[in-house]
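**Student:** Handing you a structure now.
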Amino acid sequence: MPVPSGCADSSSRAIARVLPILGRRWAKTFTALADSTRMEIVCLLAASGAPLCACAIADHFRLAQPTMSHHLRVLREAGLLESERRGVWIFYGLRRASLGEMLEDLGSLVQPPARRGTLQKIDGGR
């Protein structure tokens with residue numbers, strides 16, 4: 001949608017260039033987190049503080065093994081989990097760095113753009 005003449009300053013044009021990049025970067029992550037079971041898996045792993053065996057995660061949810069495997073795969077492909085095989089078991093852990101990057105990027109969306117010069121008070125500087 002075109003912006004009316006004189007409506008957008010340079011900072012809003014810069015934001016318009018950044019938003020599609022953030023959207024592409026995090027769309028898969030947000031889709032993965034939109035499911036309540038997957039969000040609960042992330043919360044469970046965050047609370048544990050250490051990787052958990054897939055069987056321990058599955059025991060918490062009472063879901064069929066194929067369903068649990070699907071949820072874990074979606075989270076792993078979204079970059080939220082890392083997995084490690086230990087013998088016949090697979091342990092899943094939270095990729096905290098990935099979550100931190102996501103939160104940092106989201107935080108940049110709520111920060112006001114930097115203004116050049118000083119801001120004047122609305123009442124004329126009194």
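**Student:** Every residue in segment 88-97 that is surrounded by 15 or more Cβ atoms within 10 Å (Cβ to Cβ) and under 16 Å from Ala46 (Cβ atoms), please.
**Tutor:** Once the filter is applied, which keeps residues that are surrounded by 15 or more Cβ atoms within 10 Å (Cβ to Cβ) and under 16 Å from Ala46 (Cβ atoms), segment 88-97 yields Phe91, Tyr92, Gly93, Leu94, Arg95.
**Student:** Check His71, His60 and return the single one that is at pLDDT 95 or above and either assigned to a helix (DSSP H, G or I) or among the aliphatic types (A, V, I, L, M) (or both).
**Tutor:** Result: His71 is the single residue among His71, His60 that is at pLDDT 95 or above and either assigned to a helix (DSSP H, G or I) or among the aliphatic types (A, V, I, L, M) (or both).
**Student:** Take segment 48-65 and flag every residue that is more than 17 Å from Ser83 (Cα to Cα) and not acidic (Asp, Glu).
**Tutor:** Within segment 48-65, His60, Phe61, Arg62, Leu63, Ala64 meet the criteria.
**Student:** Would you mention how many residues in segment 74-87 are surrounded by 13 or more Cβ atoms within 10 Å (Cβ to Cβ) and touching a strand residue (DSSP E or B) at 6+ places or on another chain (Cβ under 9 Å)?
**Tutor:** 6
**Student:** Just one of Gly100, Gly117 is at pLDDT below 90, within 23 Å of Trp26 (Cα to Cα) and surrounded by fewer than 15 Cβ atoms within 10 Å (Cβ to Cβ); which is it?
**Tutor:** It is Gly100.
The values are calculated or read from the model by the stated rules, or taken from the named source; none is laboratory data. This structure is a prediction, so every number in the text was calculated from the model and none was measured. So basically every Cβ, Gly included, is an ideal-geometry build from the backbone, and we count neighbours across all protein chains shown.
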